[in-house]
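Data block below; observations after.
The values are calculated or read from the model by the stated rules, or taken from the named source; none is laboratory data. This is a predicted model, so every value here is computed, not measured. As a convention, Cβ positions derive from the backbone with ideal geometry for all residues, glycine included, and neighbour counts pool all protein chains shown.
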Amino acid sequence: MILSTFEWTVARRYLRPGRGEAFIALVAGISLVAVALGVAALIIVMSVMNGFRAELFDKIVGLNGHAVIQGYGGRVDDWQDIVKQAQATPGVVQVSPMIEQPLLGSLNGRVSAVVIRGQTAGDIAKMAPKVIAGNMADVKPDAGTVAIGKELALDLGAQVGDQITIINPAGRSTPFGTVPRQVSYTVAAIFEIGVYDFDKAFVVMPVSDAQTLLLMGDSINAVEVKVTEPDKVGDILAPLAKQLQGHAVISDWKAINGSLFEALAVERVVMFVVCSLIVLVAAFNILSSLIMLVRAKTRDIAIMRTMGASRRSVMKIFLTVGCTIGGLGTAMGCLIATIFLIFRQNVVNFIQMVSGQNLWDPKIRFLTELPAKASPVEVTVIIVLALGLSFAFTLFPALKAASTDPVQVLRYE
């Protein structure tokens, strides 16, 4: 829409109503703020939802892999063959044997449920960036050392160098019955994955130490698999599943965490629809403010028409006014959303400090901090939606202004 100097001058004048039009200016200002808040709310909500899914996926899948091969009865005896078969499957990039078993941990009279996780030296080394105390390199086979999660360390009161006792109820049989197996390990490192459930329970040790603790011999109970395309993990591992049929079962991340990610997807759609209503209400405000402006400027419109202004010019003037309000509100909303997302954790901490409430309890939210990940595509859709609604709701008052009959108006002046 190309504007002439005359059309832009008049539109700019109407964007700054005179003294007698303070109410119209107020409604227009409310419309601008409403558009800004609607756009900001949409961008913030969608970014947080995307960030929550991405962070949850990265942390859960980063620790558990894209799929897990488990043997029947909780044991995989021929795991070396399974590893070779998995490595030969197209699309598989990493295969690691592991052991995962819930047990009990004790320190100075405190007891907590733990999950023993036996991993290869390579997988243990990859956890080094997650360490907040100690050194993951000290977690070595036959060294009697382990790494534990931050929340578990707080629960047991453990620090680097302390001795924690792992209790295996399935101990050795004696003439007096089964005696639980208790083995002490030195805490070599404390890590923080960022998922509360993992940080609260995981005790990481070498696979060989886990086999000794659990009396498993050379067996393991799972093989972790990572693929090139996580969203296609089922198709990639379908040939392997056929080969292992009757010997082991494959569970991918979609099956293990399917309900959680489906709930996030549904919530994401619902939040988009709800927040879009704010933009819709703002568009109605633009409509009402322009209708009032047209009624207030009826005489001006009639004079412009008698001086040679075309219906098209009058329509473009009011379209410019409405679209300018919508455009400024959209730009302001993007700015507000950007500032909020940059300082989102500070905002959460401030609200918690003022209200005294824990708004982001990791026990409930899984993650320890509020995540965010803005999608350029979604932001573009939100901007187009806001501008489109602003334009659509500007059309009626613009057409109304363009259809003004100067003869009828000036006759009754």
Only helices (runs of 4 or more DSSP H) wholly contained in the range 200-257 count here; list those with 3 or more residues that are surrounded by 19 or more Cβ atoms within 10 Å (Cβ to Cβ).
207-214, 233-243
When the range 339-361 is checked residue by residue, the ones that are among the polar types (S, T, N, Q) and either under 16 Å from F52 (Cα atoms) or part of a loop (DSSP other than H, G, I, E, B) (or both) are Q345, Q357, N358
Are any of the residues in the range 255-268 out of contact with any helix residue (DSSP H, G or I) (no Cβ under 9 Å at 6 or more places or on another chain) and within 30 Å of L15 (Cα to Cα)?
no
Within the bounds of the range 176-189, is there any residue that is modelled with pLDDT of 80 or more, buried (at least 21 other Cβ atoms within 10 Å of the Cβ), more than 19 Å from I60 (Cα to Cα) and of a type outside the set (A, V, I, L, M, F, W, C)?
yes
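If a residue must be small (G, A, S) and not in a helix (DSSP H, G or I), how many such residues does the range 112-166 contain?
Qualifying residue count, the range 112-166: 12.
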Residues in the range 110-130: is at least one on the phi > 0 side of the Ramachandran plot and at pLDDT below 90?
no
For the range 368-383, does any single residue satisfy the condition of being at pLDDT below 85, over 17 Å from the mean Cα position of the chain (by Cα), among the hydroxyl-bearing types (S, T, Y) and over 22 Å from V35 (Cβ atoms)?
no
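Using the structure shown, decide if Y14 is at pLDDT below 85, more than 30 Å from K226 (Cα to Cα) and aromatic (F, W, Y). Please lay out each step first, then the result.
Details: at pLDDT below 85: yes; more than 30 Å from K226 (Cα to Cα): yes; aromatic (F, W, Y): yes.
For Y14, the condition - at pLDDT below 85, more than 30 Å from K226 (Cα to Cα) and aromatic (F, W, Y) - is met.
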Could you please let me know if G329 is over 22 Å from F6 (Cα atoms), crowded, with 20+ Cβ neighbours inside 10 Å and under 25 Å from the mean Cα position of the chain (by Cα)?
no
